Amino acid sequence: MGFVDFVNRNFLDGITNDTSYNHIDMLTYVIILFICVYAVLKILNRLKIEVNEEFVIATIPYIFMGSIFRVIEDADLLTPPVKYFFITPIIFFVVFAVSFGSLLLIRYLGKLGKIKNPLRTYAVNGAVLSLAGVFILVYYSSYNLNPNILIYTLVPAIILTGFVKRISPAIGMAYLRSSLYSFAIFSFMLDSVTTYIGTDFLGYTNKHPFSSFLPSIFGTGIVMIPMSLILVLLIIWMLEKEHGKDGNEGEKYMIILTLVVLGFSMGARNLIAIVFGV
């Protein structure tokens, strides 16, 4: 019973009750994430699917789709047991199954000559699924829309990203001007800005123990904005140092995709939830 109680207390209760994470499940999920990242990379390599900039960009709509359906669950539009599939961490496996399944099907149709540009079709499919989620949220949600929040969140995130992009050559990191690195930075900025606004002004709570630690010390979530920026820049710097010109390109882009998943999935979810007042 001791082991069962441990699992229920630290893992299952958080999913069934959709409560805050603890240090044990967070560390476990991070370890599982990196194991899955390398496993997926191996599978893609075996299937001879190139992981490059175009692939990462084409996958972004599926990340947005996951954020939308996470908010649909937040809005209580789903009931058990279906809702459990849209709560972290299970939703990551659901989104992976949808995106990977779509990729394989579209790739197969491409080999049959029925699709001229499989990667573009893959991206469009993700965009269509995302729009379907938006329509569900708009149609069934009874919450009050707050579109003004788009200005207060997107504008600061875009300005900060543009500032980093502009000064990147001066700090010896000109590679930050690439579209993927810029989007990764924007994703982390969107997450931290929306978290700050949501927790400091709109009564939302932070479910992540690591990202709520510093705000609890300083008394404000604004401290997460510079901390998130430092973190993402440090990761990118290490990535470029380790996987520079002679590094494994597939592994490099897979890590960039992971960065985007971590930042954009949470940032987009925060933004959508605040806009819809969920």
query = Name the pairs whose Cβ atoms lie under 6 Å apart, with the first residue in segment 38-53 and within 15 Å of Glu249 (Cβ to Cβ), the second aliphatic (A, V, I, L, M) and assigned to a helix (DSSP H, G or I), and 6 or more positions between them or separate chains?
reply = Leu41/Met254; Val51/Leu44; Val51/Met254; Glu53/Leu180
Conditions (1) of a type outside the set (Lys, Arg); (2) exposed (fewer than 13 other Cβ atoms within 10 Å of the Cβ); (3) at pLDDT below 95: number failed by Ile136 = (2)
ask   = Across segment 126-165, what is the number of residues that are over 30 Å from Ile222 (Cβ atoms) and without any contact (Cβ under 8 Å) to a residue 24 or more places away in the chain?
value = 7
Identity of the residue in segment 201-232, out of contact with any Phe, Trp or Tyr (no Cβ under 6 Å at 6 or more places or on another chain) and small (Gly, Ala, Ser), that ends up modelled with the highest pLDDT = Gly203
ask   = Does Thr59 meet the test of being hydroxyl-bearing (Ser, Thr, Tyr) and closer than 21 Å to Phe186 by Cα?
value = yes
key: Subset tally (residues that are free of Cβ contacts under 8 Å to residues at least 60 places away in the same chain and either surrounded by fewer than 22 Cβ atoms within 10 Å (Cβ to Cβ) or not in a helix (DSSP H, G or I) (or both)) for segment 222-259   = 19
request  = Report the residue count in segment 260-278 for those that are out of contact with any Ser or Thr (no Cβ under 7 Å at 6 or more places or on another chain), part of a helix (DSSP H, G or I) and either closer than 18 Å to Ile158 by Cβ or at pLDDT below 90 (or both).
outcome  = 2
request  = Would you be able to say whether some residue in segment 74-91 is polar (S, T, N, Q), closer than 20 Å to Phe183 by Cβ, crowded, with 17+ Cβ neighbours inside 10 Å and within 17 Å of the chain's Cα centre (by Cα)?
outcome  = no
query = Going by the structure shown, is Thr59 under 30 Å from Tyr139 (Cα atoms), crowded, with 19+ Cβ neighbours inside 10 Å, under 14 Å from the mean Cα position of the chain (by Cα) and at pLDDT below 90?
reply = no
task = Consider Thr121 carefully, then state whether it is farther than 22 Å from Ile272 by Cβ and of a type in the set (Val, Ile, Thr).
result = yes
Selection count where residues are modelled with pLDDT under 85 and assigned to a loop (DSSP other than H, G, I, E, B), scope segment 139-162 = 5
Residue selected from segment 108-125 under the condition of a type in the set (Gly, Ala, Ser) and assigned to a helix (DSSP H, G or I), by the criterion surrounded by the fewest Cβ atoms within 10 Å (Cβ to Cβ) = Gly110
request  = Provide a single number: the residues in segment 9-49 that are surrounded by 14 or more Cβ atoms within 10 Å (Cβ to Cβ), modelled with pLDDT of 85 or more and assigned to a loop (DSSP other than H, G, I, E, B).
outcome  = 1
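The values are calculated or read from the model by the stated rules, or taken from the named source; none is laboratory data. Predicted, not measured: the structure shown is a model, and the values here were computed from it. For neighbour counting, all protein chains shown are included, and Cβ atoms are generated from backbone atoms with ideal geometry for every residue, glycine included.
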